[in-house]
């Protein structure tokens, strides 16, 4: 009887975290349907092991950890099956029809997707999901200092890609000039 | 001898890695850039958070609850 009650509470609590889980999943996989697959798998797993969750502790962090573990175990599986998962992933990340009309956001999203996986994940957890460095470290199973340096490097790299500071030697214009120099002799 | 050199250079490599790991204060971004990145990041994230929960996830949650109810009734 008491079991039943806690089960229903747990379901309601799961529901409350789903929007955040989807946002985190999107930042990991890029495509909405894949992200929802990941959330779905996370919910099933969370439900199965709900007795191992201590009510009143950080459910959001607990669920993020499950989602992240699920993501990386799928990645490992896929890497064994597919020869070039990176290329396929990059392709998927670049198409978001729902973002039409928000060009500057599209640029920003592209820049975020260029970040190395570990940096992007740390940046999202701390900068968007609202976790502390300590909580993010727990979710990623690494040291707090590692999270801090990943977030810092992610910010610096984003600023470079978006040419927020200085004269932007890494910026798109510099790349375009390089391409022109390469192609002009052939033209 | 050769072994010693390798060890030394690998030590130096490790040290450089450490420096990179602890580089938080060095390339300090301007507060403007930090604020811009923070704002955009949350906008990107909150756009997804604001989306309604897809039906298939709601259905799944309902099913999980149903199994629980059935098991409880038995």
Report task. Answer with yes or no whether residue A:43 is surrounded by 19 or more Cβ atoms within 10 Å (Cβ to Cβ), within 16 Å of residue B:64 (Cβ to Cβ) and either at pLDDT 85 or above or touching a helix residue (DSSP H, G or I) at 6+ places or on another chain (Cβ under 9 Å) (or both). Result -> yes
Query raised in the report: When you scan chain B for helices (runs of 4 or more DSSP H) that lie fully inside it, which ones turn up with 2 or more residues that are at pLDDT 50 or above and facing chain A (nearest Cβ under 9 Å)?
Result: B:31-49, B:55-73
Report task. Take residue A:134 and decide whether it is loosely packed, with under 14 Cβ neighbours inside 10 Å, in a helix (DSSP H, G or I) and modelled with pLDDT of 85 or more. Result -> yes
Report summary line: Residues in region A:137-158 that are crowded, with 21+ Cβ neighbours inside 10 Å, within 7 Å of chain B (Cβ to nearest Cβ) and in contact with a helix residue (DSSP H, G or I) (Cβ under 7 Å, 6 or more places away or on another chain) total 2
Report task. Report yes if residue A:55 is at pLDDT 90 or above, farther than 27 Å from residue B:33 by Cα and outside the structural domain of residue A:159 (by TED's automatic domain parsing), otherwise no. Result -> no
Query - Some residue of region A:71-78 being crowded, with 20+ Cβ neighbours inside 10 Å, more than 13 Å from chain B (Cβ to nearest Cβ) and either at pLDDT below 90 or touching a helix residue (DSSP H, G or I) at 6+ places or on another chain (Cβ under 9 Å) (or both) - result: yes
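The values are calculated or read from the model by the stated rules, or taken from the named source; none is laboratory data. Here the structure is a predicted model, which is why all the values come from computation and not from measurement. Counting neighbours? That spans all protein chains shown, and the Cβs are built from the backbone with ideal geometry, glycine included.
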